[in-house]
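Below is one structure; the comments refer to it alone.
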Amino acid sequence: MKRHPVFAFLYDRLARAAEPWEGAFREGLCGPAAGIVLEVGAGTGANLRHYGLATRIVAAEPEPNMRRRARARLSEARVPVALVAAEAERLPFADRTFDTVVFSLTLCSVQDLRRAISEGERVLRPGGSVRFYEHVRSDRARIARWQDRMTRPWGFLAGGCHPNRDTPGALAAQGFGVRLRRFLPPAPGGSLMPYVIGEARLPSDERRARQ
């Protein structure tokens with residue numbers, strides 16, 4: 001879905017404004033990502049400068065205005081980056097291509113959460129990991145109800161974002177073992193937008209059964 005250029009501009013400005021606190025989380029997400037890395041939904045490239053262990057990054061972003069801004073950030077990366085046009089639900093890569101798959105503020109806005117996770121699993125090599133940094137459904141019932149109410153207007157303003165998605169649950173339902181940390185962002189209304197950061201891996205016996 002092509003968004004208005006203003007959305008990419010505002011998204012980029014918000015990402016830069018949040019860098020003083022969010023940078024540490026982006027570093028925690030991307031810094032340990034090793035080998036050949038696929039970042040799904042790379043947006044305007046805010047993560048690129050935080051990769052340190054990767055040997056190569058493929059940054060997949062379907063929206064042309066976001067890709068244009070990400071391209072301007074390629075020089076910030078410490079490792080080689082290939083920027084490609086690709087949707088999370090239809091990744092144009094062969095099975096078992098990547099050592100690490102990264103989702104960063106992406107799974108809230110994909111059209112089909114289950115298919116996006118399945119595609120991430122498909123392109124992941126045996127023993128690889130999915131690293132994620134997402135805002136998710138609250139584990140507090142009252143807040144979760146507010147998220148349900150605000151999903152439609154928020155999605156209209158925020159490029160299709162669903163603030164009430166249980167992304168860790170969706171990863172677990174796909175067969176991943178999930179380790180995560182929950183936190184609230186230090187921003188106005190942060191209690192309505194809980195975040196998670198973590199890692200998901202398939203058990204070795206599950207991976208063998210799918211080979």
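The values are calculated or read from the model by the stated rules, or taken from the named source; none is laboratory data. Owing to the predicted nature of the structure, the values given are computational and were not obtained by experimental measurement. Here Cβ is always computed from backbone atoms with ideal geometry, including for glycine, and neighbour counts include all displayed protein chains.
Residues are listed down the side, and each one gets a yes or a no for (1) over 19 Å from H135 (Cα atoms); (2) hydrophobic (A, V, I, L, M, F, W, C); (3) in a loop (DSSP other than H, G, I, E, B):
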| position | (1), (2), (3) |
| --- | --- |
| A46 | no, yes, yes |
| T55 | yes, no, no |
| A59 | yes, yes, no |
| D99 | yes, no, no |
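Filtering the stretch 97-128 to residues that are under 13 Å from the mean Cα position of the chain (by Cα) and among the aromatic types (F, W, Y) leaves only F103. Condition test on L107, is it of a type outside the set (F, W, Y), in a loop (DSSP other than H, G, I, E, B), closer than 17 Å to V40 by Cα and at pLDDT 95 or above? When the stated conditions are applied, L107 passes them. Scanning the stretch 157-193 for residues that are assigned to a loop (DSSP other than H, G, I, E, B), at pLDDT below 95 and either within 15 Å of the chain's Cα centre (by Cα) or among the aliphatic types (A, V, I, L, M) (or both) returns A158, G159, G160, C161, H162, P163, L184, A187, M193.
Residues considered: A82, A59. Of these, the only one that is touching a residue at least 24 places away in the same chain (Cβ under 8 Å), of a type in the set (A, V, I, L, M), crowded, with 16+ Cβ neighbours inside 10 Å and closer than 16 Å to G43 by Cα is A59.
Condition check: out of contact with any helix residue (DSSP H, G or I) (no Cβ under 8 Å at 6 or more places or on another chain) and surrounded by fewer than 16 Cβ atoms within 10 Å (Cβ to Cβ). Does R13 satisfy that? Criteria met by R13. When G52, G23 are screened for being at pLDDT 85 or above and more than 18 Å from Y195 (Cα to Cα), only G52 passes. Criterion applied to F103, F98 was being on the phi < 0 side of the Ramachandran plot and in contact with a Leu (Cβ under 6 Å, 6 or more places away or on another chain), and the one residue passing it is F98. Of the residues that make up the stretch 128-140, is at least one modelled with pLDDT of 95 or more and either in a helix (DSSP H, G or I) or surrounded by fewer than 13 Cβ atoms within 10 Å (Cβ to Cβ) (or both)? The answer is no, given that none of the residues of the stretch 128-140 is modelled with pLDDT of 95 or more and either in a helix (DSSP H, G or I) or surrounded by fewer than 13 Cβ atoms within 10 Å (Cβ to Cβ) (or both).
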